[in-house]
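What follows is one structure encoded as structure tokens, with my remarks underneath.
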Amino acid sequence: MTDQPPAPRLTRRRLGRRLGGLLGAAAALPWIGGCLGGGVPGAALAASDHFDGERFFNPGGAGPRGLLDLARWKLGGGDEPWPEAYPSPFPPDRPPPRVAGRALRVSFAGHASFLIQGAGLNILTDPVWSERASPVSFAGPKRVNAPGIAFDDLPPIDAVLVSHGHYDHLDLDTLARLWQRDRPRILAPLGHDATIRGHDADIAVTTADWEAVVPLGPGVEAVLEPVHHWTARGVFDRNRALWCGFVLRGLGEGVFFAGDTGFDEGRPFRRVAARHGALGLALLPIGAYAPRWFMAGQHMDPADAAQGFRLLGARQALGYHWGTFKLTDEGIARPEEELAVALAQQGVAPQRFLAARPGQVWQAAPGDAG
């Protein structure tokens, strides 16, 4: 019988690094920590197929993981380190003041923040210009690249779409700066007005339920679409506000911004395709997916995203939610590498689904097939 080598000891330094990673994950994806309040619709809403009278949920889908699973993940190893800096190959964009008519211009600022320009409107998705995706300024995931558009170079913003309340999507400081500068229409799913106005009571927020249609400007409307996710700002407000994706009708051939979503057997994508037909552009998350046993219900991996793109039937896709804030275990370049493999396996031309980098611009002229 041969002797087995002793199991590696969890040294104080390694334990400290892992606990630090746990706190970092808690700050950006608040399974613990953060502020304690949030949107609490409570008795103001009737129960529905996705609201039980107190909390929202994914109909027929999985709920979020709990604290024990979070600890198992963060203390279990498997984390791939990121570099301190990951600069974009694209220079910062300087967008035009407006884009008129049926032309469409989409500029990627980073993570889940896009500037969408068309029909004379300027629309931002999940704008985060802060240095950290965190409830505190001194800890939590920090940017490894600058925003692809400097804040001062943003044109006047007409509308802001907020998909849910996690810190890497709902940045209260950025919303307050935008409100003070431009007074945009801020649209979010139910419950997030409490969070936003709790930070700045002067901010006007429009909230709506899934499938609501909200006009943004002449001929342009946003439709709140069901996706498979969850939301929280702290330990006591989990799923007391809603989450969603958005379809923008009247911009080019239509745009779908998924926010955050798990694949959920393809249901979010089949619903959008059935309701809106083949859209011109899909903005789909491709990162923050490892380990899969923990993340599959809430974040797609590149194979999921490629399959979702096919189910949508959209002409073009841009991948986001990668390469800016380290939230999960995969290496910084893994989403781009694995997207290329997934597209080849599913027979999708690589130019039809780009892994976007900050400062990158995608444009479609009227009648352009993308």
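The values are calculated or read from the model by the stated rules, or taken from the named source; none is laboratory data. Quick caveat, the model's predicted, so the values are computed rather than measured. Using ideal geometry, Cβ is built from the backbone for each residue, glycine included, and neighbour counts are taken over all protein chains shown. Ligands, DNA and RNA are excluded from the accessible area calculation, which covers all protein heavy atoms including side chains. Shrake-Rupley method; radii C 1.70, N 1.55, O 1.52, S 1.80 Å.
Values as computed for the structure displayed
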{"item": "The chain, accessible area per residue, ligands and nucleic acids excluded (1.4 Å, Å²)", "result": "41"}
{"item": "Ranked order, SER137, SER130, SER107 - accessible area, probe 1.4 Å, largest first", "result": "SER137, SER130, SER107"}
{"item": "Gain in span if fully extended, ARG352 to ARG292, counting 0.36 nm per residue against the direct Cα distance", "result": "19.0 nm"}
{"item": "Electrostatic dipole magnitude of the range 254-370 [Cβ: Lys, Arg +1; Asp, Glu -1; Cα centre; debye, to 20]", "result": "360"}
{"item": "Helix-derived mean residue ellipticity, 222 nm - over the chain, DSSP H n ≥ 4, -39500 (n - 2.57), to 500", "result": "-6500 deg cm²/dmol"}
{"item": "Carbon and sulfur %, accessible surface of the range 115-203 computed with the full protein complex present, 1.4 Å", "result": "47"}
{"item": "Spatial separation of Cα centroids for the range 293-370 and the range 229-252, in angstrom", "result": "20"}
{"item": "Descending semi-axes in Å of the range 63-169, equivalent ellipsoid built from Cα gyration tensor", "result": "32, 17, 12"}
{"item": "Vicinal HN-Hα couplings computed from phi for the range 79-91 (Karplus, 6.51 cos²θ - 1.76 cosθ + 1.60; Hz; Gly/Pro x)", "result": "7, 8, x, 9, x, 5, 9, 9, x, 6, x, 9, x"}
{"item": "Phi to ³J(HN,Hα) by Karplus 6.51 cos²θ - 1.76 cosθ + 1.60 over the range 155-170, Hz, x for Gly, Pro", "result": "x, x, 8, 8, 8, 10, 9, 10, 7, 5, x, 4, 5, 7, 10, 10"}
{"item": "For ALA282, distant residues with modelled amide H under 5 Å away", "result": "PHE256, GLN316, ALA317, LEU318"}
{"item": "Heavy atoms of LEU216: accessible area, 1.4 Å probe, square angstrom to 10", "result": "30"}
{"item": "3J(HN,Hα) from dihedral phi, the range 304-310, Karplus parametrisation 6.51/-1.76/1.60, rounded to Hz, x for glycine, proline", "result": "4, 5, 5, 5, x, 4, 5"}
{"item": "Nearest-10 value in Å² for the accessible area of VAL213, using the 1.4 Å probe", "result": "70"}
{"item": "Protein accessible area in the range 52-91, 1.4 Å probe - carbon and sulfur %", "result": "58"}
